[in-house]
Amino acid sequence: MAETASSTCPSDTQSTPSSPAPDGKTPCSAEDDTHTRTSNDTPPSPPFSTAFAVSSYCACSIGLVWLNRLLFTEMVPLPLFLSWVQQVIGLMLSVVLGSWTCHTSCPVSVKGFFRPIEWRWEDGRRVLPLAVLFVGMLAFNNICLRYVQVAVYQVARSTSILFNLLLSSLLLKSDPLSMEALSACLVALLGLLIATFDPDTLSVFGALTGSLGSLFGAFYMVGVKHVGGQVSFAHQNGAECQLMAYVNSYALVLFPPLIWLSGEYDQLVDQVFSGDAGVPRQWVLCVLVMVSGLMGVGISFTTFLCLRVVSPVTCVVIGYVKSCVQTIGGVAVFSETLTAKGWLGTLVCLAGSFWYSYASYKEKRGKTHKSSCSAAEQQEGDGSIREEGKKEQ
């Protein structure tokens, strides 16, 4: 289960199942410039609620990347199989929690996210292409994480900014590309090139799989906006959970053929289920995989909470800090080494990502302010016309 998706708050398309909003708003992504809410739209929340939501999201997102990296390098180097297992766990937990919220009194925030899953074939037909994009995104992102260091994982996926910007402009017919946003994308890509030129830091294969994952992720974000408004449950409470359940259900069917074609099935039998693996090691593996699945669901839920309690500019800062912690943690936790060129490429990439996020936020806020002023002027003009009409009478 990837972030998701980023990375920035809270879009982690890394290895978590995304929790898309069917109305077209993906969770607070600095790489997705479609979040139009302003800071004034965020209702005031108690400091404890805000701290809990933000810290929980960061812990789940960073922890899942580290845990998946540990599983890939030390226990089960099978990214596609692990992705499939995490989808199974996520869907099972969603079903259980959906049934639980129907028969118990629980917080509104929980009940609004986890709802009983209702399958409709018409909705399933519409969601199928979205599920294919999700599987491609998740598969390439986890393969990338398998072959690159945690410290440069964000760098390998930095092309997602450019892909999101281009696809939003071309397919969604959004506003033309601004010079500031395009410049920020070029800075992030410069960081990727600097790191790629150092094979000890980032291999070409790692950069390629990261870019493919970013491309699938960008199409997935566009698909969420297109499909999310067409499904029958688009305007219901808990629509995010419903859409996520549809996508996860398809992922359970789409991943096994990929596992077999990639040769992971034979490796799975040899490395995990063989007698040489040892019973204690198998139990540890099962526990860690279960924890990774739970953390993936946790990312979806904490993303939902973050959307309710923090503003977009806070999301930008959170995402930037999280990316820095994730990079530093790769060096500290996994004893990874980066050359001077690797550090330079990573820092340039993070700076470009932050610049793009901030530029996107400023543009959206400026458009919102302009729309508000236009509406106020229109209302004032209508009032003047009515008063003149009364005077004439």
- Query: Out of segment 191-218, which residues are at pLDDT 80 or above, over 23 Å from the mean Cα position of the chain (by Cα) and not in a loop (DSSP other than H, G, I, E, B)?
  - Reply: 193, 194, 204
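Condition check: at pLDDT 60 or above and among the aliphatic types (A, V, I, L, M). Does residue 30 satisfy that? So that I can check it myself, show each step before the final result.
Values: at pLDDT 60 or above: no; among the aliphatic types (A, V, I, L, M): yes.
No: the conditions fail for residue 30.
Rundown of residues vs (1) crowded, with 23+ Cβ neighbours inside 10 Å; (2) on the phi < 0 side of the Ramachandran plot; (3) modelled with pLDDT of 70 or more; (4) among the hydrophobic types (A, V, I, L, M, F, W, C), yes/no style:
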site: 243; (1), (2), (3), (4): yes, yes, yes, yes
site: 265; (1), (2), (3), (4): no, yes, yes, no
site: 268; (1), (2), (3), (4): no, yes, yes, yes
site: 286; (1), (2), (3), (4): no, yes, yes, yes
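The values are calculated or read from the model by the stated rules, or taken from the named source; none is laboratory data. The structure displayed is predicted, hence computed values, not measured ones. Backbone-built Cβ (ideal geometry, glycine too); neighbour counts: all protein chains shown.
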